[in-house]
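Asker: Shown below is the structure under consideration.
The values are calculated or read from the model by the stated rules, or taken from the named source; none is laboratory data. Just so we're clear, the structure is a prediction, and the values are computed from it rather than from any experiment. FYI the Cβ positions are ideal-geometry reconstructions off the backbone, even for glycines, and counts take in every protein chain you see. Just so you know, the surface numbers come from the protein's heavy atoms only, side chains and all, with ligands and any DNA or RNA stripped out. Shrake-Rupley method; radii C 1.70, N 1.55, O 1.52, S 1.80 Å.
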Amino acid sequence: MLTPEENDLLCRVEGDAPMGQMMRRYWLPACLIEEVPEPDCDPVRVRLLGENLVAFRDSDGRVGLMAEQCPHRKASLFFGRNEEGGLRCLYHGWKFDVEGNCVNMSSEPAGSTLCEKVKHRAYPVEECGGVVWTYMGPADEMPAFQRPIFAPSDTTRVSHLKVVIDCNWAQGLEGAIDSAHSSSLHSTDMPAARVNSSTATGTAWQRPSTDKSPRLQAQETDYGFRYAALRRPIQNAANSDYVRVTLFVAPFNVLIPPNNVYNVHQMSVPVDDTHNIIYLTAWTDTGEGVDQEAWRKFTGAQLGIDLDPTYRKINNAAVNYGQDRSAMKLGSFTGIRGFPNQDIAMQESMGAIADRSHEKLGASDLAIVEFRRVMVKAVRDFMANKKQPPALGLSEEERLKLASWERIVPKSIDWRDFDHAAGKLAAE
């Protein structure tokens, strides 16, 4: 459990909140590239760390990200005209380029030098892996941009879903690092089967275990931590364990164990104190992977069907997440379509910021406890000692080598020493 003070330290990100200030030292996802697809397309609202922003792609194809309110009279630039190399406010015609320079003031008299004196707040951006990234921290501390773990090359096949969630970022992330719940909450979408490893069928992820109470073991790292969930496999249970190794990479990346078709990565990005956005990504450098629309259909996150144009749920809390009780009687464990929506229903039902001081945690919550410990310690060290936040010291090469895995492994082998890629002990 966490004290109320620790809970606020973990969850709150707005303004001068320590966690938000630490998060500003990382490159953060601002939006999907599909949201600003072409030059002079419609601008889109972005909200990060409690700050209202607007993103747009200019006439030359460059993406800009700036404060939503015009510096003149604070009208929203979301309604602005995106044309001829900049975003023009509708109110008085002030126009800004992607770097926040005011390039025209149609309301000011000829010869006015005011335009040269106005600089709007704009943040640097990079595009990679289907995502627009931004850095919102001090300019003199900006780290070099690194490729995201889910896009190690320009040829990586990447499929994203995006959903706005009505609770704090830590609640969203804790679902991704909680291996124990998948055997219950997701048992319809991730059923036990006589397979050799996690197997994607297009409608389910089959797993080689019926064990609902995994044994958890954690290992702290310089990027966060990794942990293993050990279950009894259906076959050869006397001599083997079914091992699923998950990685938490600060500040909000989770490498979920893959299946036989694609790898899985989740980010739980803080919108503000009481909302977050999940980006759940299926990716692969080998094979065909999964088409983005097929990925969104499988997960129940299709635009126009499950989500509105702003990636908010149509089947939300007001309609009980579309839960079908008759489907539950016919075999669906939850009656809720798509495993991310099952997670969201549970996370939002806790409240916008759950009171973690009254939880009753068990052995299966080891990864949850480790996540909270690591991040509370990290933000305290950052504020008190200006210590570098976790994972920022990794080179791009080191980051891209990080990998989750799942496999049936002989009980004689310690998962910490096992090189999954080579299929043997790392020391061999």
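Asker: Within segment 321-348, can you find the residues that are touching a residue at least 12 places away in the same chain (Cβ under 8 Å) and of a type in the set (S, T, N, Q)?
Answerer: Matches in segment 321-348: Gln323, Ser332, Thr334, Asn341, Gln342, Gln347.
Asker: Sticking with this one: Which of the residues belonging to segment 307-340 are in contact with a strand residue (DSSP E or B) (Cβ under 7 Å, 6 or more places away or on another chain) and of a type in the set (D, E, K, R)?
Answerer: Listed by number, the residues that qualify are Arg312, Lys313.
Asker: OK, next. Is it the case that Glu126 is assigned to a strand (DSSP E or B) and open to solvent by 50 Å² or more (accessible area, probe 1.4 Å)?
Answerer: Judged against the criteria, Glu126 is a match.
Asker: Which one of these does Thr201 not meet: (1) under 30 Å from Ile33 (Cβ atoms); (2) in contact (Cβ under 8 Å) with a residue 60 or more places away in the chain; (3) surrounded by fewer than 23 Cβ atoms within 10 Å (Cβ to Cβ)?
Answerer: That leaves (2) as the condition not met.
Asker: If I ask for residues that are out of contact with any strand residue (DSSP E or B) (no Cβ under 9 Å at 6 or more places or on another chain) and touching a residue at least 40 places away in the same chain (Cβ under 8 Å), which ones from segment 267-299 would you list?
Answerer: Asp273, Thr274, listed by residue number.
Asker: Please tell me if Ile408 is in contact with a Cys (Cβ under 6 Å, 6 or more places away or on another chain), open to solvent by less than 60 Å² (accessible area, probe 1.4 Å), more than 17 Å from Tyr223 (Cα to Cα) and of a type outside the set (Gly, Ala, Ser).
Answerer: It is false that Ile408 is in contact with a Cys (Cβ under 6 Å, 6 or more places away or on another chain), open to solvent by less than 60 Å² (accessible area, probe 1.4 Å), more than 17 Å from Tyr223 (Cα to Cα) and of a type outside the set (Gly, Ala, Ser).
Asker: In segment 291-309, what residues are open to solvent by 10 Å² or more (accessible area, probe 1.4 Å) and either touching a Gly at 6+ places or on another chain (Cβ under 6 Å) or of a type in the set (Gly, Ala, Ser) (or both)?
Answerer: Ala294, Gly304, Asp306
Asker: While we're on this one: In the set Arg157, Arg147, Arg215, Arg207, which member is of a type outside the set (S, T, N, Q) and open to solvent by less than 30 Å² (accessible area, probe 1.4 Å)?
Answerer: Answer to the selection: Arg207.
Asker: Restricting the search to segment 188-198, which residues are under 21 Å from Ile413 (Cα atoms) and open to solvent by 40 Å² or more (accessible area, probe 1.4 Å)?
Answerer: Listed by number, the list holds a single entry, Asn196.
Asker: Follow-up question, since we're still on this one. I'm checking my understanding of the structure. Among residues of segment 363-392 that are modelled with pLDDT of 95 or more and not in a helix (DSSP H, G or I), which one is surrounded by the most Cβ atoms within 10 Å (Cβ to Cβ)?
Answerer: So the residue we want is Pro390.
Asker: Quick check on my filter: what residues within segment 393-407 are under 30 Å from Arg231 (Cα atoms) and either out of contact with any strand residue (DSSP E or B) (no Cβ under 8 Å at 6 or more places or on another chain) or part of a loop (DSSP other than H, G, I, E, B) (or both)?
Answerer: Keep residues of segment 393-407 that are under 30 Å from Arg231 (Cα atoms), which gives 398-407.
The answer is Glu398, Leu400, Lys401, Leu402, Ala403, Ser404.
Asker: From the set of residues in segment 13-22 that are touching a strand residue (DSSP E or B) at 6+ places or on another chain (Cβ under 9 Å) and crowded, with 19+ Cβ neighbours inside 10 Å, which is nearest to Val271 (Cα to Cα)?
Answerer: The selected residue is Val13.
Asker: What residue, among those in segment 96-115 that are modelled with pLDDT of 95 or more and part of a loop (DSSP other than H, G, I, E, B), is most open to solvent (accessible area, probe 1.4 Å)?
Answerer: Glu99
Asker: Taking Gly93 as meeting all but one of (1) modelled with pLDDT of 95 or more; (2) among the small types (Gly, Ala, Ser); (3) more than 29 Å from Val374 (Cα to Cα), write down the number of the exception.
Answerer: Failing condition for Gly93: (1).
Asker: State yes or no: is Gly331 within 18 Å of Ser187 (Cα to Cα), assigned to a loop (DSSP other than H, G, I, E, B) and open to solvent by 40 Å² or more (accessible area, probe 1.4 Å)?
Answerer: It is true that Gly331 is within 18 Å of Ser187 (Cα to Cα), assigned to a loop (DSSP other than H, G, I, E, B) and open to solvent by 40 Å² or more (accessible area, probe 1.4 Å).
Asker: Looking at (1) surrounded by fewer than 17 Cβ atoms within 10 Å (Cβ to Cβ); (2) within 24 Å of Trp205 (Cα to Cα); (3) of a type in the set (Val, Ile, Thr), which is the one condition that is false for Val118?
Answerer: (2)
Asker: If we keep just the residues of segment 182-227 that are assigned to a loop (DSSP other than H, G, I, E, B) and among the β-branched types (Val, Ile, Thr), which is nearest to Phe418 (Cα to Cα)?
Answerer: Selected residue: Thr221.
Asker: Would you say Leu230 is crowded, with 22+ Cβ neighbours inside 10 Å, in a strand (DSSP E or B) and at pLDDT 95 or above?
Answerer: For Leu230, the condition - crowded, with 22+ Cβ neighbours inside 10 Å, in a strand (DSSP E or B) and at pLDDT 95 or above - is not met.
Residue by residue, here is whether (1) acidic (Asp, Glu); (2) within 17 Å of Leu402 (Cβ to Cβ); (3) open to solvent by less than 40 Å² (accessible area, probe 1.4 Å); (4) touching a Gly at 6+ places or on another chain (Cβ under 9 Å) holds:
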| site | (1), (2), (3), (4) |
| --- | --- |
| Val249 | no, yes, yes, yes |
| Pro257 | no, yes, yes, no |
| Pro270 | no, no, yes, yes |
| Leu280 | no, no, yes, no |
| Gly289 | no, no, yes, no |
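Asker: Related question: From (1) farther than 25 Å from Gln217 by Cβ; (2) open to solvent by less than 50 Å² (accessible area, probe 1.4 Å); (3) among the basic types (Lys, Arg), pick out the condition that doesn't hold for Arg399.
Answerer: (1)
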